[in-house]
Structures are given as structure tokens and as C-alpha cells.
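Here is the structure we will look at, set down as C-alpha cells.
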Amino acid sequence: MIDRVYCSGLFSTNFLEHSYKGTEWKDHKYIKKENGRYYYPNESGASNTHYSGMSLDRLQEEYTRIKTAQEEYYNKANEMDEIAKTSDDPERYRQLANEYRAKLEELGRESIVVSNEIEKKSARKQIVEDFKTSPIDTAYNLVQRNREKLHTGNPIVRVKKRKK
């Protein structure tokens, strides 16, 4: 009997693969594993669940707010650098400039999270609109797009690409 487990999500761009029983992948995204639970880093610095509940319009407003704040912090950091050149206490102004740059970097990570969420919601919205106008064609296109990822669980039986 083979100890390999095959899992796949139908009609999904995300799929799950398992390593051989008792082994682990060399490249993995989790930080640690305790009692069978995997812990992953919060790479974005912002909560994805916070943004996933927002509407597309609200996300776009949030993205605009973040970009405006980034521009402000960038200008403030440059201003502090200029003041540091002529100041009696340049170290204080350099420190302020570094604080503004740290905030700028944090907002940059947050803008990526929001941008990704906007992209996901826009794609979903487009699929829904397409489905309303032509449900059969939309379903067919989704299957074709994800064809390589679909399989039955048996390593021998795979969906083969159709030659055109």
C-alpha cells in the first residue's frame, strides 16, 4: 500500500499536497509546529481578516488613504533630513526621519495586503458578472483554467491536456 496522500480542490486555484508519511517538505511556510498545529508568520503586519470583510469600494478607499499617508510620511522624512543638515541637533532630526521611514515601510506592507484583497475581490466580482450573463461558458472556462490541478486522487488517473 502506498503511504502517499493525494488531495486537491476542485475548481480552485489553491490545492493541498502532502509529503510522504513521516516526512516534511524542505521549503515550507510555517514557523513552528507544536502538537500537530502549524504556526505561520503574519508577513503583512496587517490582519487579512480585517480587510476580507470590507467591500470593494471600501477597500479602494482604504488603499487611497494608505497611499496618501505614505506620501505624507515620505515628505516628512525628507523634510527632517533637510532640517538635520542645518540643525544644532541633527541626530534628533535623523531619528525623526527614520521613524517616518519605518511608518512608511509599515504602510507599504499594509498597502500590499489591501491591493491583494482588491485584486481577489475584483476577480470574484468579474466571475459573478460573467456567470450572470453566461453561466455555462463561465463554468467551462473555470474548469479549463484549473484543469492541470484537477485529479481524482489516484496518481495514475490524471486529467490530461486535450490537444488542439
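Rule-based calculations on the coordinates, nothing more; no lab input. Given the structure is predicted, the values throughout are model-derived calculations rather than measurements. Glycine also receives a Cβ, built like all others from the backbone with ideal geometry; neighbour counts cover every protein chain displayed.
Pairs over the 28 Å Cα-Cα cut-off, from the set Lys103/Lys125; Lys33/Lys67; Lys67/Lys121: Lys103/Lys125; Lys33/Lys67. Calculated FRET efficiency, Ser134 and Thr86, Cβ-Cβ r, R0 45 Å, to nearest 0.05? Efficiency computed from Cβ-Cβ geometry: 0.10.
Along region 117-130, what does the Karplus equation 6.51 cos²θ - 1.76 cosθ + 1.60 (θ = phi - 60°) give for ³J(HN,Hα), rounded to whole Hz, x for Gly and Pro? Ordered by residue, 3J(HN,Hα) equals 5, 4, 4, 4, 5, 5, 5, 4, 4, 5, 4, 4, 4, 5 Hz.
Protection proxy ranking of 106-114, 137-145, 70-78, by the mean of other Cβ atoms within 10 Å over each peptide's residues and highest first, is 106-114, 70-78, 137-145.
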